[in-house]
Amino acid sequence: MATNIKRRNFLKNSLLATGGVLFASNFISCITDDDDIIDTIPPNLEENNFNEGVASFDPTNSQVIIWTRYTTTKTSVSILWQLSKDESFTDIVRQSIVTTDESRDYTLAVEIKDLDENEQFYYRFINIEDETTSQIGETLTFGSETSEVKLAVASCANYAYGYFNVYEAIGNSDADVVVHLGDYIYEYGEGTYGAFRTPAPTGEIVSLDDYRTRYRQYRSDNQLKELHRKKPFICVWDDHEITNDSYKDGAENHQENEGDYEVRKASALQAYSEYLPNTTNLVDNSIIYRNLKIGNLIDLILLDTRIIGRDKPLSFNDYYTATGAFDFASFQTAWLNPNRTMLGATQREWLQNQMSATSSNWQIIGQQVLMGKMLMPAELLILLGQVVGEVGATGSASPATFLAFQTAITELVTIKTRLLQNDASLTETEKARVTTVLPYNLDAWDGYFMERESVLATFENKKVVVLAGDTHNAWQSDLNTISGTKVGAELATSSVSSPGFETYLGAGAASLEQALQLLIDDLNYSNFSQRGYMQLTVNAGAVTSEWNFIDTVTSENYTVAIGNTLTL
């Protein structure tokens with residue numbers, strides 16, 4: 001039997017051009033919208049043409065975004081959306097019709113405001129004219145009664161490297177929401193970075209159509225599609241949503257023959273906005289840094305450490321002399337330059353204001369790259385770079401290089417142990433081997449030392465947890481100021497499928513894990529050989545993190561196990 005329903009008139013945002021970047025704006029639905037009669041829903045709808053499934057994003061105490069895409073050859077298409085308190089859609093909370101078109105790749109994202117708090121919702125999309133329907137999605141709102149929340153934290157999903165078993169494991173978990181820290185897609189072409197599955201298009205993605213095609217492939221993956229259907233996402237971009245090691249006005253993986261970088265970036269970010277919407281920023285739709293409040297429990301503060309403000313990262317290669325010696329003095333001058341920024345002045349001021357104003361139990365910072373101080377003995381870092389470079393160039397490190405690397409680990413661990421035991425027989429030369437340190441990763445916060453200190457200062461007297469992804473490895477570090485004051489903890493997740501240090505070090509990854517926990521003062525835990533995700537259980541008194549790992553990405557038959565647990 002056909003059902004008559006009502007349509008709410010609501011604000012439909014057009015595409016908004018901001019700063020030269022075209023973003024697909026959310027459609028906005030408010031409870032104050034007027035009603036008028038619309039068409040009739042046909043009976044016996046077919047589940048068809050919603051090939052990329054459904055998804056929801058940015059749940060808060062009073063709103064959530066619901067998303068879909070429709071496959072059609074028409075210039076535009078009208079889609080009915082419905083939000084209900086029950087799966088049979090007899091208790092509909094909000095509904096309306098929106099029109100999407102080829103200018104936004106037939107995607108639509110509805111930002112539904114003024115919802116009741118602490119609710120579970122179901123949603124769906126219907127094309128009345130075609131008599132088709134989407135899957136039914138599940139989502140939620142938080143609220144003042146939210147006493148505990150479970151966050152699944154994920155990063156770095158390379159389609160070419162393997163199945164998305166980690167996403168399936170998250171879908172089978174009791175997590176309430178997925179916090180995705182970036183590298184949701186990878187830009188590389190076939191056989192460039194992983195060869196287990198073939199990316200679409202097969203070449204490196206550069207144009208708007210390329211990026212859209214890659215997102216459609218990811219969102220057609222059954223494991224990811226089902227996770228989006230079951231759980232809301234909160235997302236920020238990292239570099240591979242544009243191209244490797246992106247910064248404000250360039251990227252490592254962008255060459256002149258690939259066109260203008262700004263054009264490429266604009267295409268990438270437009271496609272991102274179409275497939276991974278976030279809460280509307282009324283000042284500038286291109287801004288993704290934001291604060292999502294989860295009840296009175298959490299200020300979930302999302303940052304953009306990649307695009308909006310980041311200066312070009314330093315490179316160790318620029319500080320070797322003609323004789324092959326490393327110029328520590330010149331490097332230190334550049335490294336400690338107080339004007340170097342990752343956030344940009346506007347975002348940094350915004351973050352400082354958020355930290356000053358927060359009254360929630362916890363401040364959880366969702367961002368991309370490692371914030372902890374990862375100061376590694378210089379000789380070990382140089383040898384690690386040689387191993388990685390040789391593996392990248394020839395497929396394996398030479399026996400001599402690998403032996404030197406393993407020998408250095410053994411000797412440095414022995415020296416550091418003796419130093420911690422106040423061994424008076426240590427020579428100054430031996431001490432220098434473990435105290436002459438360099439930052440592990442200049443693409444992370446280690447490369448922006450002075451700005452990190454100003455950010456860490458805002459954490460004092462707060463309960464701060466910083467989340468990180470990017471490296472494909474799992475880490476846990478204390479966040480200490482330059483004076484040694486602990487102001488927070490960093491929890492860093494492994495990857496969904498992208499490879500970690502095991503690709504370069506093989507069995508040697510385990511020995512490096514153990515060594516670095518001794519050699520790096522602020523580091524407490526690491527895992528360099530397994531793919532997985534973190535699950536954070538947050539209540540007023542504690543944050544408990546579980547590092548969950550799977551045993552394979554090259555078979556859909558896998559096991560998942562907890563590798564480490566920490567309570568803060």
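Let's see how each residue does on (1) free of Cβ contacts under 8 Å to residues at least 40 places away in the same chain; (2) aromatic (Phe, Trp, Tyr); (3) in a strand (DSSP E or B):
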position	(1), (2), (3)
Asp114	no, no, no
Ile126	no, no, yes
Gln135	no, no, no
Ala152	no, no, yes
Ala160	yes, no, no
Ala169	no, no, no
Val178	no, no, yes
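Could we say that Ser246 is small (Gly, Ala, Ser), under 16 Å from the mean Cα position of the chain (by Cα) and either surrounded by fewer than 19 Cβ atoms within 10 Å (Cβ to Cβ) or at pLDDT 95 or above (or both) here? It is true that Ser246 is small (Gly, Ala, Ser), under 16 Å from the mean Cα position of the chain (by Cα) and either surrounded by fewer than 19 Cβ atoms within 10 Å (Cβ to Cβ) or at pLDDT 95 or above (or both). Taken as a whole, segment 377-386 holds at least one residue that is touching a strand residue (DSSP E or B) at 6+ places or on another chain (Cβ under 7 Å), outside any helix (DSSP H, G or I) and crowded, with 23+ Cβ neighbours inside 10 Å.
Checking every residue in segment 277-284 against the condition of being touching a residue at least 12 places away in the same chain (Cβ under 8 Å) and not in a loop (DSSP other than H, G, I, E, B) gives zero matches.
Run down Val496, Val553 and say which single residue is touching a residue at least 24 places away in the same chain (Cβ under 8 Å), more than 27 Å from Ile298 (Cα to Cα) and within 21 Å of the chain's Cα centre (by Cα). Residue meeting the stated conditions: Val553. Give the residue that is nearest to the chain's Cα centre (by Cα), with candidates limited to residues of segment 292-325 that are polar (S, T, N, Q) and either buried (at least 21 other Cβ atoms within 10 Å of the Cβ) or part of a loop (DSSP other than H, G, I, E, B) (or both). Per the criteria, the residue is Thr305.
All of (1) out of contact with any Lys or Arg (no Cβ under 6 Å at 6 or more places or on another chain); (2) assigned to a strand (DSSP E or B) hold for Asp130 with one exception: (2). Residue count for segment 74-112, restricted to those that are part of a loop (DSSP other than H, G, I, E, B) and surrounded by fewer than 17 Cβ atoms within 10 Å (Cβ to Cβ): 8. For segment 473-487, the condition holds for at least one residue, the condition being that it is over 25 Å from Gly392 (Cα atoms), outside any strand (DSSP E or B), touching a helix residue (DSSP H, G or I) at 6+ places or on another chain (Cβ under 8 Å) and of a type in the set (Val, Ile, Thr). Within segment 517-526, none of the residues are hydroxyl-bearing (Ser, Thr, Tyr), over 18 Å from Thr471 (Cα atoms) and out of contact with any His (no Cβ under 8 Å at 6 or more places or on another chain). Of the residues contained in segment 187-209, none is found to be within 30 Å of Asn118 (Cα to Cα) and surrounded by 20 or more Cβ atoms within 10 Å (Cβ to Cβ).
Residues that are touching a Gly at 6+ places or on another chain (Cβ under 9 Å), within 30 Å of Phe50 (Cβ to Cβ) and of a type in the set (Asp, Glu) within segment 240-285 comprise just one, Glu241. Taking Ile415 as the residue in question, decide whether it is in contact (Cβ under 8 Å) with a residue 60 or more places away in the chain and in a helix (DSSP H, G or I). No. When restricted to residues that are in a loop (DSSP other than H, G, I, E, B) and under 17 Å from Thr305 (Cβ atoms), segment 431-465 contains 8.
Checked against the criterion of being outside the structural domain of Ser494 (by TED's automatic domain parsing), modelled with pLDDT of 95 or more, at negative phi and touching a His at 6+ places or on another chain (Cβ under 6 Å), segment 134-154 contains one or more residues that satisfy it. I'd like to know if segment 279-291 contains one or more residues that are buried (at least 23 other Cβ atoms within 10 Å of the Cβ), farther than 24 Å from Leu370 by Cα and of a type in the set (D, E, K, R). No, segment 279-291 contains no residue that is buried (at least 23 other Cβ atoms within 10 Å of the Cβ), farther than 24 Å from Leu370 by Cα and of a type in the set (D, E, K, R). Here Thr139 meets the list (1) buried (at least 20 other Cβ atoms within 10 Å of the Cβ); (2) more than 19 Å from the chain's Cα centre (by Cα); (3) part of a loop (DSSP other than H, G, I, E, B) almost entirely, failing just condition (3).
The values are calculated or read from the model by the stated rules, or taken from the named source; none is laboratory data. Fair warning: this is a prediction, and the values are worked out from it, not measured in the lab. Don't worry about glycine lacking a Cβ; one is built from the backbone with ideal geometry, like all the others, and counts go over all protein chains shown.
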